[in-house]
Amino acid sequence: MNKNNRIDPYQHHDYYLLDELLDSDHLLARDAVRSWVKQEVTPIIEDYAQRSECPVHLFKGLAEIGAFGPSIPTQYGGGGMDEIAYGIIMQELERGDSGIRSMASVQGSLVMYPIYKFGSEEQKMKYVPKLASGEFIGCFGLTEPDHGSNPSGMITNIKDDGDAYILNGAKMWITNSPVADIAVVWAKDEAGIIRGVIVERDMKGFSAPEIHGKWSLRASVTGELVFEDVRVPKSNVLPGVTGLKGPLTCLSKARYGIAWGAIGAALDCYDSSLRYSQERQQFGKPLGQFQLTQKKLAEMITEITKAQLLAWRLGNLANQGKATPAQISMAKRNNVNMAIEIAREARQIHGGMGITGEYPIMRHMMNLESVITYEGTHDIHLLITGMDVTGFNAFQ
Ligand code: TGC
Ligand code: FAD
């Protein structure tokens, strides 16, 4: 473990007293994750990102603070908490780094959740508790080299072979794949129907090469999934869902978490900018005394506050089972875009120092370039809102 002495000066900002809307469980979870991020993430994350290395040792710690499947029932190892608690945990993790939040999003919402939601009782007991404890690392394979925004065109396929299916194809851009013990993979059966299968690391014909050279999410490991006649037992097929709504249901869960998570990255950029503008002097006075700096900071906290309210309301709708996929798309799109705009303004406030690893700004900004693309791009979410309000489907 490569730990240095970086001190995390972050102080939370709650302009509209939103903490008053949280209950004691939310606040406990929030404080526990915040202090874990300060102790375990901030001291090392910049160095891992600079080296383009994933701090895989943090999987265990993430499990211990309950970051994997916070709203999955405790009988399967989840946290048994509500959707607001899940959101707040994602916010605190992404305040540290989007890649750390990604580790938790994928493990909890894209691997544990589909097995919990669509798996047999045997599959749930076999995999979900081990994923919750960090004993297993999981990944989620939907995107293919030629099918990103349009996963329904996927060509990865399974063919019946007695007591097993033979899996062929390839997935691309898969978070955690090189270090994963299992992969939840979406593939078409012989009738062209999308099914979810659980692929285990040591299955013959399965490999997960790492993708190198990313300028974004450098502390998160990303790879491919390659299937060459992989024999997957039929007992590894998720029995509870067919069709694209399987993976899209999981994406709704993860996109919801990102809508909260992005606020964390924005808060970290704002916090650093506020402090810098109070300390850094030019023309004989602090940057914060210039009206142009005040405009930037005032707009940042305004946009953060609006995003917090959107996430909080969405969380309440989710708790009541009323959050629609289109509402989740709106929040994911708005909040990630808000965060990336704030990171860009924060970079300006920090001047030249803003491009260095002394401050978290550039790392957040580069990370957010992935966050605005994965789990549905900025424009795909706009088109989902467009379809929802007009009734016309622009994808067809
Ligand atoms: P469409 O015909 O609209 O829908 C097919 C079926 O799915 C249902 N559905 C949803 N269900 C739950 N949640 C959602 N968000 C849903 N969206 C649609 C829909 O009702 C329908 O059900 P049924 O019963 O009628 O069959 O499908 P389409 O092929 O027209 O696609 C629509 C589109 C473009 C919106 C969809 O393909 C899409 O969202 N594309 C974006 C792809 C994407 O988000 N990929 C993400 C890959 S995973 C990832 O990025 C992980 S990053 C992890 C990390 O590191 O954090
Ligand atoms: P494309 O679909 O080729 O899109 C390119 C551009 O065209 C985008 O701007 C898009 O908005 C635009 N576009 C596409 N269609 C339309 C349209 N109809 N109208 C207007 N504009 C359109 N996937 C997984 O399955 N699992 C993972 O764990 C995972 N992790 C990821 C981690 C990282 C770091 C990254 C970068 C990606 C990850 N992804 C993962 C893949 C991610 O979900 C896709 O990159 C994303 O869905 C976009 O697909 P694409 O990159 O193929 O872009």
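Efficiency by 1/(1 + (r/R0)^6): what FRET value for HIS378 and LEU21, r their Cβ-Cβ distance, R0 = 30 Å, to the nearest 0.05? Approximately 0.60, to the nearest 0.05.
Distance between the modelled labels on ARG201 and LYS306, one decimal in nanometres: 4.5 nm (7 Å Cα→Cβ projection). If R0 equals 35 Å, the separation of the Cβ atoms of LYS214 and VAL389 corresponds to a calculated FRET efficiency of about 0.50. Between GLY261, GLY61, GLY99, the GNM of the chain built on Cα springs shorter than 10 angstrom shows GLY61 fluctuating the most. Charges were assigned to the Cβ only: +1 to each Lys and Arg, -1 to each Asp and Glu. The resulting dipole of the range 46-203 about its Cα centre is roughly 100 debye.
Annotation: THR356 carries an accessible surface of approximately 40 Å², with a 1.4 Å probe and no ligand, DNA or RNA atoms counted.
Please determine, in degrees from 0 to 90 and to the nearest 10, the orientation of helix 291-319 with respect to the longest principal axis defined by the Cα atoms of the chain, where the helix direction is its Cα long axis. It works out to around 40 degrees.
Subtracting the Cα-Cα distance of GLN289 and GLU228 from their residue separation scaled by 0.36 nm leaves 15.7 nm.
Eigen-decomposition of the gyration tensor built on the alpha-carbon atoms of the range 28-96 gives equivalent ellipsoid semi-axes of 23, 13, 9 angstrom, largest listed first.
With axes computed from alpha carbons, what is the tilt in degrees of helix 361-371 against the longest principal axis of the chain, rounded to the nearest 10 within 0 to 90? Its long axis makes an angle of about 30 degrees.
For the chain, averaging the sequence separation of C-alpha pairs within contact (under 8 Å, six or more residues apart) and dividing by the residue count gives a relative contact order of 17 percent.
Using only side-chain charges placed at the Cβ, +1 for Lys and Arg and -1 for Asp and Glu, the dipole size of the chain relative to its Cα centre rounds to 500 debye. Sorting ARG95, ARG275, ARG201 by solvent-accessible area of protein heavy atoms yields ARG201, ARG275, ARG95, largest first, with a 1.4 Å probe. Multiplying the residue separation of GLU190 and ASP47 by 0.36 nm and subtracting their alpha-carbon distance yields 46.8 nm. If you take the alpha carbon atoms of the range 245-390 and fit the smallest convex hull around them, that volume is 108 Å³ per residue. Packing, as the average of other Cβ atoms within 10 Å across residues, places the peptides 75-84, 27-36 in the order 75-84, 27-36, highest first.
Normalised by 2.2 N^0.38 Å, where N is the number of residues, the alpha-carbon radius of gyration of the range 328-396 equals 1.38. Take the Cα coordinates of the chain, assign each an equal point scatterer, and use the Debye formula without solvent to give log10 I(q)/I(0) at q = 0.07, 0.11, 0.12 Å⁻¹. Treating every Cα as an identical point scatterer, log10 I(q)/I(0) equals -0.31, -0.76, -0.90. In the assembled protein chains, TRP173 presents an accessible area of approximately 140 Å² (probe radius 1.4 Å). By a straight-distance test (C-alpha under 20 Å), which aspartates and glutamates pair with LYS188 as possible cross-link partners, with residues fewer than eight away in the same chain excluded? The qualifying aspartates and glutamates are GLU144, ASP146, ASP160, ASP161, ASP163, GLU200, GLU224, GLU228, ASP229.
Estimated from the Cβ-Cβ distance and a Förster radius of 41 angstrom, the FRET efficiency linking THR249 and GLN278 is about 0.35.
Principal-axis analysis of the Cα atoms of the chain puts helix 325-349 at an angle of about 40° to the longest axis. Looking at the chain, the DSSP beta bridges with both ends there are about 85 percent antiparallel.
Placing a label point 7 Å from the Cα of ASP161 along the Cα-to-Cβ direction, the residues of the range 184-205 with a backbone N closer than 13 Å are 203-205. Less than 5 angstrom separates the built amide H of ALA164 from those of LYS234, all sequence-distant by 5 or more or on a different chain. Short-range pairs are left out: with C-alpha atoms under 8 Å and at least six residues apart, the relative contact order of the range 1-126 is 24 percent. The calculated pair-distance distribution of the range 1-145 uses every alpha carbon pair, bins of 10 angstrom beginning at 0, and gives 11, 40, 32, 15, 2 percent. Heavy-atom accessible surface of ILE65, to the nearest 10 Å², is about 40 Å², with a 1.4 Å probe and all protein chains retained. Helix content alone sets the calculated 222 nm mean residue ellipticity of the chain: runs of n ≥ 4 DSSP H residues at -39500 (n - 2.57) each, divided across all residues, give -15000 deg cm²/dmol.
If you average the C-alpha positions of the range 8-56 and of the range 266-338 separately, how far apart do those two centres end up, in angstrom? Going from one Cα centre to the other spans 16 Å. Only one residue of VAL237, TYR359, THR293 has its Cα farthest out toward the positive end of the dipole of the chain, where Lys and Arg carry +1 and Asp and Glu -1 on Cβ, and that residue is THR293. Largest to smallest in accessible area, the residues PHE395, PHE290 fall in the order PHE395, PHE290 (1.4 Å probe, all protein chains included). When the pairs LYS60/LYS245; LYS214/LYS306; LYS126/LYS245; LYS38/LYS124 are compared against a 29 Å limit on Cα-Cα distance, LYS60/LYS245; LYS214/LYS306; LYS38/LYS124 fall above it.
Dividing the mean sequence gap of close Cα pairs (under 8 Å, 6+ apart) by how many residues the range 264-396 holds gives a relative contact order of 28 percent.
The values are calculated or read from the model by the stated rules, or taken from the named source; none is laboratory data. Predicted model only: the values in this text are computed from it and were never measured. With ideal geometry, Cβ positions are generated from the backbone for all residues, glycine too; neighbour counts draw on all protein chains shown. Calculation scope for accessible area: heavy atoms of the full protein, side chains included, ligands and nucleic acids excluded. Shrake-Rupley method; radii C 1.70, N 1.55, O 1.52, S 1.80 Å.
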